[in-house]
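Q: The structure follows.
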Amino acid sequence: MTTADTAHPYDEAPPEVPQVEVTLHVNGTSHRLRLDARVTLLDALRDHLALTGAKKGCDQGACGACTVLVDGKRVVSCLMLAAQCEDREVTTVESLSEAGAPHPVQAAFARHDAFQCGYCTPGQIMSAVSLLAEGRADSDEDIREFMSGNICRCGAYPNICAAIREVAAGG
(Lines give C-alpha, C1' and ligand atoms only; values in the text may rest on other atoms or scores of the structure.)
Protein backbone atom coordinates (compact mmCIF):
# COMPACT_ATOMS: atom_id res chain seq x y z
CA MET A 1 0.00 0.00 0.00
CA THR A 2 1.42 3.41 -0.93
CA THR A 3 0.78 6.72 0.79
CA ALA A 4 -1.37 7.72 -2.18
CA ASP A 5 -3.72 4.84 -1.37
CA THR A 6 -4.36 5.93 2.24
CA ALA A 7 -6.78 8.70 3.06
CA HIS A 8 -5.54 11.46 5.30
CA PRO A 9 -8.05 12.80 7.86
CA TYR A 10 -7.44 16.38 6.65
CA ASP A 11 -8.51 15.38 3.14
CA GLU A 12 -12.06 14.73 4.31
CA ALA A 13 -14.69 17.43 4.22
CA PRO A 14 -15.33 18.91 7.66
CA PRO A 15 -18.64 18.01 9.27
CA GLU A 16 -21.39 20.50 8.62
CA VAL A 17 -21.79 23.01 11.42
CA PRO A 18 -25.38 23.44 12.55
CA GLN A 19 -26.99 26.83 12.10
CA VAL A 20 -29.29 28.33 14.71
CA GLU A 21 -31.97 30.99 14.53
CA VAL A 22 -31.66 33.30 17.50
CA THR A 23 -33.41 36.47 18.58
CA LEU A 24 -31.08 38.78 20.45
CA HIS A 25 -32.52 41.73 22.34
CA VAL A 26 -29.63 44.18 22.30
CA ASN A 27 -29.85 47.68 23.73
CA GLY A 28 -33.64 47.62 23.50
CA THR A 29 -33.84 46.38 19.90
CA SER A 30 -34.62 42.83 18.77
CA HIS A 31 -32.46 41.23 16.10
CA ARG A 32 -33.30 37.91 14.42
CA LEU A 33 -30.09 36.23 13.28
CA ARG A 34 -29.14 32.95 11.64
CA LEU A 35 -25.74 31.98 13.01
CA ASP A 36 -23.27 29.15 13.17
CA ALA A 37 -24.15 27.44 16.47
CA ARG A 38 -20.60 28.12 17.73
CA VAL A 39 -20.76 31.92 17.36
CA THR A 40 -20.05 33.71 20.62
CA LEU A 41 -22.08 36.63 21.84
CA LEU A 42 -19.00 38.83 21.29
CA ASP A 43 -18.71 37.80 17.64
CA ALA A 44 -22.46 38.20 17.08
CA LEU A 45 -22.32 41.72 18.50
CA ARG A 46 -19.22 42.77 16.58
CA ASP A 47 -19.55 40.89 13.29
CA HIS A 48 -23.32 40.62 12.81
CA LEU A 49 -24.68 43.72 14.58
CA ALA A 50 -21.71 46.11 14.06
CA LEU A 51 -21.57 46.89 17.81
CA THR A 52 -17.82 47.13 18.29
CA GLY A 53 -17.67 48.62 21.79
CA ALA A 54 -16.97 45.24 23.41
CA LYS A 55 -13.39 44.36 22.51
CA LYS A 56 -11.84 41.02 21.69
CA GLY A 57 -8.88 40.89 24.04
CA CYS A 58 -7.85 37.41 25.12
CA ASP A 59 -10.79 35.40 23.70
CA GLN A 60 -10.50 33.25 26.84
CA GLY A 61 -12.56 35.17 29.41
CA ALA A 62 -9.50 36.34 31.31
CA CYS A 63 -9.20 40.06 30.48
CA GLY A 64 -12.76 41.46 30.66
CA ALA A 65 -12.41 43.66 27.56
CA CYS A 66 -15.55 42.04 26.13
CA THR A 67 -17.76 42.58 29.20
CA VAL A 68 -21.42 43.28 28.49
CA LEU A 69 -24.54 42.90 30.60
CA VAL A 70 -26.97 40.03 30.06
CA ASP A 71 -30.19 40.48 31.99
CA GLY A 72 -28.37 43.13 34.04
CA LYS A 73 -25.49 40.85 35.05
CA ARG A 74 -21.99 41.25 33.69
CA VAL A 75 -20.63 38.52 31.49
CA VAL A 76 -17.53 38.07 29.38
CA SER A 77 -19.15 37.81 25.98
CA CYS A 78 -16.28 35.84 24.44
CA LEU A 79 -17.28 32.81 26.54
CA MET A 80 -21.04 32.97 26.03
CA LEU A 81 -22.65 31.58 22.92
CA ALA A 82 -25.04 33.90 21.12
CA ALA A 83 -27.63 31.10 21.22
CA GLN A 84 -27.53 31.22 25.04
CA CYS A 85 -28.88 34.76 24.85
CA GLU A 86 -32.12 33.87 23.11
CA ASP A 87 -34.81 36.21 24.46
CA ARG A 88 -32.47 37.70 27.07
CA GLU A 89 -31.64 41.41 27.34
CA VAL A 90 -28.10 42.28 26.27
CA THR A 91 -26.71 45.71 27.12
CA THR A 92 -23.54 47.05 25.54
CA VAL A 93 -21.52 50.19 26.16
CA GLU A 94 -23.09 51.77 23.06
CA SER A 95 -26.41 52.11 24.91
CA LEU A 96 -25.20 53.85 28.05
CA SER A 97 -25.37 57.46 26.95
CA GLU A 98 -28.77 59.12 26.78
CA ALA A 99 -29.57 61.92 24.35
CA GLY A 100 -25.86 62.42 23.75
CA ALA A 101 -25.06 62.84 27.44
CA PRO A 102 -22.56 60.32 28.81
CA HIS A 103 -23.58 57.86 31.51
CA PRO A 104 -22.34 58.97 34.96
CA VAL A 105 -19.69 56.20 34.90
CA GLN A 106 -18.47 57.33 31.48
CA ALA A 107 -18.28 60.94 32.67
CA ALA A 108 -16.42 59.94 35.85
CA PHE A 109 -13.94 57.86 33.82
CA ALA A 110 -13.21 60.96 31.71
CA ARG A 111 -12.90 63.26 34.74
CA HIS A 112 -10.54 60.87 36.53
CA ASP A 113 -8.52 59.99 33.43
CA ALA A 114 -9.43 56.35 34.11
CA PHE A 115 -8.08 55.13 30.80
CA GLN A 116 -4.93 55.44 28.78
CA CYS A 117 -5.00 53.41 25.58
CA GLY A 118 -8.76 52.91 25.99
CA TYR A 119 -8.88 49.31 24.80
CA CYS A 120 -10.19 47.92 28.09
CA THR A 121 -12.38 50.95 28.84
CA PRO A 122 -15.73 49.66 27.49
CA GLY A 123 -15.40 46.44 29.52
CA GLN A 124 -14.26 48.37 32.58
CA ILE A 125 -17.23 50.72 32.27
CA MET A 126 -19.74 47.87 31.86
CA SER A 127 -18.30 46.08 34.90
CA ALA A 128 -18.40 49.32 36.89
CA VAL A 129 -22.05 49.93 35.93
CA SER A 130 -22.89 46.42 37.09
CA LEU A 131 -20.99 46.56 40.36
CA LEU A 132 -22.63 49.89 41.19
CA ALA A 133 -26.07 48.42 40.46
CA GLU A 134 -25.18 45.45 42.68
CA GLY A 135 -24.20 47.84 45.52
CA ARG A 136 -20.68 46.48 45.67
CA ALA A 137 -18.75 49.75 45.80
CA ASP A 138 -18.65 50.21 49.56
CA SER A 139 -14.86 50.45 49.75
CA ASP A 140 -11.79 50.57 47.54
CA GLU A 141 -11.15 46.94 48.49
CA ASP A 142 -14.64 45.96 47.31
CA ILE A 143 -14.20 47.88 44.08
CA ARG A 144 -10.83 46.24 43.40
CA GLU A 145 -12.23 42.81 44.21
CA PHE A 146 -15.31 43.12 42.01
CA MET A 147 -13.35 44.73 39.15
CA SER A 148 -10.59 42.11 39.30
CA GLY A 149 -11.87 40.35 36.17
CA ASN A 150 -11.06 43.42 34.10
CA ILE A 151 -7.42 43.88 33.22
CA CYS A 152 -5.95 47.27 32.32
CA ARG A 153 -2.56 46.71 30.73
CA CYS A 154 -1.82 50.44 31.08
CA GLY A 155 -2.27 50.32 34.86
CA ALA A 156 -5.00 52.95 35.27
CA TYR A 157 -6.42 51.07 38.27
CA PRO A 158 -6.20 53.92 40.84
CA ASN A 159 -8.07 56.25 38.49
CA ILE A 160 -10.67 53.59 37.64
CA CYS A 161 -11.25 53.04 41.35
CA ALA A 162 -11.54 56.80 41.95
CA ALA A 163 -14.09 57.15 39.15
CA ILE A 164 -16.23 54.32 40.52
CA ARG A 165 -15.93 55.68 44.06
CA GLU A 166 -17.15 59.10 42.84
CA VAL A 167 -20.24 57.64 41.17
CA ALA A 168 -20.96 55.45 44.19
CA ALA A 169 -20.85 58.55 46.39
CA GLY A 170 -23.43 60.21 44.15
CA GLY A 171 -21.00 62.42 42.25
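Q: Please go through the stretch 56-71 and pick out each residue that is within 9 Å of the chain's Cα centre (by Cα) and within 11 Å of residue 126 (Cβ to Cβ).
A: So in the stretch 56-71, the residues within 9 Å of the chain's Cα centre (by Cα) come out as 56, 64-69.
Within the stretch 56-71, 64, 65, 66, 67, 68, 69 qualify.
Q: Exactly one condition in (1) crowded, with 16+ Cβ neighbours inside 10 Å; (2) touching a residue at least 24 places away in the same chain (Cβ under 8 Å); (3) not assigned by TED's automatic domain parsing to the domain that holds residue 54 is not met by residue 90; state its number.
A: Checking residue 90 against (1) crowded, with 16+ Cβ neighbours inside 10 Å; (2) touching a residue at least 24 places away in the same chain (Cβ under 8 Å); (3) not assigned by TED's automatic domain parsing to the domain that holds residue 54, the one that fails is (3).
Q: Next question. Could you please find all residues in the stretch 115-126 being in a loop (DSSP other than H, G, I, E, B) and within 19 Å of residue 92 (Cβ to Cβ)? Lay out the reasoning, then the answer.
A: Let us first name the residues in the stretch 115-126 that are in a loop (DSSP other than H, G, I, E, B), namely 115-120.
Hits for the stretch 115-126 are 115, 118, 119, 120.
Q: Continuing with this model, one more query. Of the residues 101, 114, 169, which is more than 18 Å from residue 53 (Cβ to Cβ) and out of contact with any strand residue (DSSP E or B) (no Cβ under 7 Å at 6 or more places or on another chain)? Don't jump to the end; show me each part of the working.
A: Working: 101 fails: more than 18 Å from residue 53 (Cβ to Cβ); 114 fails: more than 18 Å from residue 53 (Cβ to Cβ).
Of the residues listed, the single one that is more than 18 Å from residue 53 (Cβ to Cβ) and out of contact with any strand residue (DSSP E or B) (no Cβ under 7 Å at 6 or more places or on another chain) is 169.
Q: Got a sec? Which of 166, 141, 134 is acidic (Asp, Glu) and within 19 Å of the chain's Cα centre (by Cα)?
A: Values: 166 fails: within 19 Å of the chain's Cα centre (by Cα); 141 fails: within 19 Å of the chain's Cα centre (by Cα).
The unique qualifying residue is 134.
Q: A follow-up question, please. In the set 108, 82, which member is aliphatic (A, V, I, L, M) and outside the structural domain of residue 156 (by TED's automatic domain parsing)?
A: 82
Q: Being modelled with pLDDT of 95 or more and outside any helix (DSSP H, G or I) is the filter here, so list the residues in the stretch 89-100 that pass it.
A: 89, 90, 91, 92, 96, listed by residue number.
Q: Consider residue 78 against the criteria (1) hydrophobic (A, V, I, L, M, F, W, C); (2) touching a Gly at 6+ places or on another chain (Cβ under 7 Å); (3) within 20 Å of residue 155 (Cβ to Cβ): it satisfies all of them except one. Which criterion is unmet?
A: With (1) hydrophobic (A, V, I, L, M, F, W, C); (2) touching a Gly at 6+ places or on another chain (Cβ under 7 Å); (3) within 20 Å of residue 155 (Cβ to Cβ) applied to residue 78, the lone miss is (3).
Q: Could you go through the stretch 44-54 and let me know if any residue there is outside the structural domain of residue 148 (by TED's automatic domain parsing), surrounded by 19 or more Cβ atoms within 10 Å (Cβ to Cβ), touching a residue at least 12 places away in the same chain (Cβ under 8 Å) and closer than 23 Å to residue 145 by Cβ.
A: The answer is yes; a qualifying residue exists.
Q: Determine whether residue 129 is surrounded by 14 or more Cβ atoms within 10 Å (Cβ to Cβ), modelled with pLDDT of 95 or more and assigned to a strand (DSSP E or B).
A: Judged against the criteria, residue 129 is not a match.
The values are calculated or read from the model by the stated rules, or taken from the named source; none is laboratory data. None of these values were measured; they are calculated from a predicted model. A quick note on method: Cβ atoms are made from the backbone with ideal geometry, for glycine too, and the neighbour counts reach across all protein chains shown.
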